[in-house]
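Student: Please find one structure pasted underneath; my questions will follow.
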């Protein structure tokens, strides 16, 4: 069972807008943290890719039909044994990406469907990917370990 991020040490938090330009802001923020915290390159790559994928989906789809102002926050927690947890919190529509099935394998590149592979990539690079709805907020927690996969 994964330890909740609250059990770790909060090392940084960031609030961003619900626009595509925010993705580069988050990527720079994570890169600065990775440098400061000396994350191994494989862990850094996996976290950055996973956060970008999750954030892109929240910005692109999470606020469709929502009447209130969007709020997106990210928190990074230092965990035991060098693990790092990034929690993406938003007040968009409830959506649990961890329930998505893996895309079907195809025989040829022509048969491949565009899209739908982001969660599969996240599962590959992360130790765990968990979701919970707390009040009016989605909490997606991505945990990476300091080893290559």
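The values are calculated or read from the model by the stated rules, or taken from the named source; none is laboratory data. In this text the structure is predicted, and so the values were computed from the model without any measurement. When we count neighbours, we look across all protein chains shown, and the Cβ atoms used for this are built from the backbone with ideal geometry, even at glycine.
Student: Out of 58, 26, report the one residue that is touching a residue at least 60 places away in the same chain (Cβ under 8 Å), under 15 Å from the mean Cα position of the chain (by Cα) and not in a loop (DSSP other than H, G, I, E, B).
Tutor: Values: 26 fails: touching a residue at least 60 places away in the same chain (Cβ under 8 Å).
That would be 58, the only listed residue that is touching a residue at least 60 places away in the same chain (Cβ under 8 Å), under 15 Å from the mean Cα position of the chain (by Cα) and not in a loop (DSSP other than H, G, I, E, B).
Student: Return the residues of the stretch 35-55 that are without any contact (Cβ under 8 Å) to a residue 60 or more places away in the chain and either closer than 16 Å to residue 81 by Cα or within 15 Å of the chain's Cα centre (by Cα) (or both); say none if nothing qualifies. So that I can check it myself, show each step before the final result.
Tutor: Restricting attention to the stretch 35-55, the residues satisfying the condition of being without any contact (Cβ under 8 Å) to a residue 60 or more places away in the chain are 35-38, 41, 44, 48, 52, 55.
37, 38, 44, 48, 52, 55 - these are the residues of the stretch 35-55 that are without any contact (Cβ under 8 Å) to a residue 60 or more places away in the chain and either closer than 16 Å to residue 81 by Cα or within 15 Å of the chain's Cα centre (by Cα) (or both).
Student: Please determine, by comparing only the residues of the stretch 129-149 that are in a strand (DSSP E or B) and out of contact with any helix residue (DSSP H, G or I) (no Cβ under 7 Å at 6 or more places or on another chain), which one is surrounded by the fewest Cβ atoms within 10 Å (Cβ to Cβ).
Tutor: Restricting attention to the stretch 129-149, the residues satisfying the condition of being in a strand (DSSP E or B) are 129-134, 137-144.
Adding the requirement that they be out of contact with any helix residue (DSSP H, G or I) (no Cβ under 7 Å at 6 or more places or on another chain) leaves 132-134, 137-139, 143.
On the way: 132: 13, 133: 11, 134: 8, 137: 14, 138: 22, 139: 18, 143: 22.
By that ranking, first place goes to 134.
Student: Against the condition out of contact with any strand residue (DSSP E or B) (no Cβ under 9 Å at 6 or more places or on another chain), surrounded by 13 or more Cβ atoms within 10 Å (Cβ to Cβ) and at pLDDT 95 or above, how does residue 31 come out, does it pass?
Tutor: Yes, satisfied.
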